[in-house]
Amino acid sequence: MLFRSWSSAVEAPWPDVAAVVDQVGVRHLVVTRHALVRQVLADPVTFRPDNALDAVTPMPVTALRVLAGHRFRLPPTLANNSGASHPQIRAIVADALHPTRVAAQRDWLTALVRERVTGLAARLDAGGPVDLYADLAADLPLLVLARLVELPDAPVGAVKDFARAALELFWAPLDVDRQLTLATEVGRFHRVLRDFAATGGGLAAELRAAGQSPDVVVGALFFLLVAGQETTSQFLTLLLHRLAGEPAVRAGLRAGEVAVADVVEEGLRLEPPIVTWRRVAAVDTTLGGTAVPAGTSIVLWLARAGRDPAVVEAPDEFRPGQRGSRRHLAFGAGAHRCVGDVLARMEAAVVIAEAAPLLDDVTVVRAPWCPDNLTFRMPDAFVIRRR
Ligand code: HEM
């Protein structure tokens with residue numbers, strides 16, 4: 001279950017806090033209820049975020065050597081930072097992603113998506129297949145991020161390959177050969193980031209000017225390049241796929257009876273790209289009556305918390321605007337809550353408004369396939385064809 005938690009049957013009964021042993025024998029406590037997940041997220045003193053980026057399959061010396069050869073380091077910066085530097089780093093990143101700056105990208109993104117959708121509709125009309133992941137969702141978030149935050153001048157494909165390699169290296173069950181391949185890919189790009197962190201403008205320059213060390217600047221860029229674009233590409237793909245099977249919702253959108261923003265929230269609740277997120281117990285404590293020794297890995301099952309009948313009226317149904325729909329924890333909560341939520345929501349709203357009509361009168365040739373991963377869905381494709 002641990003590595004395919006989105007495919008676990010929703011109706012399957014789960015204790016509020018379940019002990020699960022992973023593929024290398026590490027014991028995790030999986031938290032399944034909305035109130036308890038929230039309680040953990042709201043208490044960063046008892047449940048620290050320090051393990052957020054720990055590799056779930058410990059790295060062998062060979063892979064560590066490859067990373068060290070590229071001077072790879074991931075010091076506490078954002079998601080894994082419980083230290084005193086977190087508020088300042090977070091504030092600088094939040095400024096770059098401020099809602100007014102995000103809103104200023106909306107027209108540009110709408111024009112780009114509209115142009116693409118016109119081309120994709122023509123291909124569908126001509127009887128051809130269209131991959132809504134590769135042809136639409138994959139690069140859009142990176143293109144927007146690059147306009148908000150100055151990024152290294154690397155081809156989109158190279159950044160996507162690096163980001164997906166990082167998600168696999170840190171969050172997937174792996175064998176040694178695969179770890180070595182991924183470490184090589186991640187290490188190589190990390191070197192590009194290190195050069196950029198020393199000289200680049202935009203966010204990198206802001207962090208340097210605030211006195212942050214080169215390692216911190218690299219760490220922040222690393223996390224943003226992964227969390228700030230790959231997550232949203234995944235979400236767009238999963239949501240479009242979900243909508244393909246929700247004709248009544250699409251009809252509501254067409255008729256103006258269903259709000260795009262409500263579709264996005266219900267999508268985040270039912271199809272979150274990040275299904276779990278980790279914390280580590282800092283002290284001996286209890287959670288929902290379960291003893292939690294200090295050092296225990298806590299796996300917060302965000303996707304299941306979104307389907308908790310205690311907070312949502314019809315937990316398993318895609319009903320935009322229903323009571324409790326917005327109470328999902330897809331973006332986390334508390335001091336480390338996602339700072340890209342406004343951006344992700346804007347991107348999703350634009351794509352759904354423009355691209356949902358592509359899903360009318362089509363058959364799904366290839367549904368997204370998601371590999372084993374503790375945290376990220378990572379859909380690989382979503383291919384449709386005119387019926
Ligand atoms: C649908 C898309 C996204 C989802 C579901 C998502 C989800 C999350 C989650 C679950 C966390 C951990 C929260 C916690 O520990 O309480 C997080 C943190 C974070 N996210 Fe996102 N995210 C998305 C998009 C983005 C985007 C677009 C950006 C920036 C461009 C971004 C930047 C960050 C950052 C910087 C953090 C760390 C915040 C901190 O530790 O202070 N995310 N996100």
Q. Would it be correct to say that ARG337 is within 16 Å of the ligand (Cβ to nearest atom) and surrounded by fewer than 16 Cβ atoms within 10 Å (Cβ to Cβ)?
A. yes
Q: Output yes when any residue across region 61-72 is in contact with a Lys or Arg (Cβ under 6 Å, 6 or more places away or on another chain), farther than 18 Å from ALA209 by Cβ and in contact (Cβ under 8 Å) with a residue 40 or more places away in the chain, and no when none is.
A: yes
**Q.** Subset of region 129-150 that is open to solvent by 20 Å² or more (accessible area, probe 1.4 Å) and not acidic (Asp, Glu) - its residue that is farthest from the ligand (Cβ to nearest atom)
**A.** PRO129
(Q) I'd like the full set of residues that are closer than 15 Å to ALA356 by Cβ and either open to solvent by 40 Å² or more (accessible area, probe 1.4 Å) or assigned to a helix (DSSP H, G or I) (or both), limited to region 266-295. (A) GLU266, GLY267
Q. Only one of these conditions is not met by PRO272: (1) in contact (Cβ under 8 Å) with a residue 12 or more places away in the chain; (2) more than 11 Å from the ligand (Cβ to nearest atom). Which number is it?
A. (2)
Q. Counting residues that are more than 16 Å from the ligand (Cβ to nearest atom), which helices (runs of 4 or more DSSP H) fully inside region 1-105 reach at least 2?
A. 61-69
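Quick check: is even one residue across region 154-177 of a type outside the set (D, E, K, R), farther than 16 Å from GLU230 by Cβ and crowded, with 22+ Cβ neighbours inside 10 Å?
First, pick out the residues of region 154-177 that are of a type outside the set (D, E, K, R): 154-159, 162-163, 165-167, 169-174, 176.
The next check asks that each one be farther than 16 Å from GLU230 by Cβ; those that pass are 173-174, 176.
If we keep only those that are crowded, with 22+ Cβ neighbours inside 10 Å as well, we get 174.
The answer is yes; a qualifying residue exists.
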Q: Being touching a Ser or Thr at 6+ places or on another chain (Cβ under 7 Å), under 20 Å from LEU329 (Cβ atoms) and among the aliphatic types (A, V, I, L, M) is the filter here, so list the residues in region 1-35 that pass it.
A: MET1, VAL17, ALA18, LEU29
Q: Scan (1) of a type outside the set (S, T, N, Q); (2) surrounded by 17 or more Cβ atoms within 10 Å (Cβ to Cβ); (3) free of Cβ contacts under 8 Å to residues at least 24 places away in the same chain for the single condition ARG307 breaks and write down its number.
A: (3)
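For the structure I just gave you, tell me whether LEU36 is closer than 30 Å to PHE162 by Cα, open to solvent by less than 60 Å² (accessible area, probe 1.4 Å) and in contact (Cβ under 8 Å) with a residue 60 or more places away in the chain. Give the derivation first.
Numbers: closer than 30 Å to PHE162 by Cα: no; open to solvent by less than 60 Å² (accessible area, probe 1.4 Å): yes; in contact (Cβ under 8 Å) with a residue 60 or more places away in the chain: yes.
Considered against the rule, which asks whether it is closer than 30 Å to PHE162 by Cα, open to solvent by less than 60 Å² (accessible area, probe 1.4 Å) and in contact (Cβ under 8 Å) with a residue 60 or more places away in the chain, LEU36 comes out as no.
The values are calculated or read from the model by the stated rules, or taken from the named source; none is laboratory data. This is a predicted model, so every value here is computed, not measured. Every residue, glycine as well, gets a Cβ built from its backbone with ideal geometry; the counts of neighbours run over all protein chains shown. Accessible surface is based on the protein model in full, side chains and every heavy atom, while ligands, DNA and RNA are left aside. Shrake-Rupley method; radii C 1.70, N 1.55, O 1.52, S 1.80 Å.
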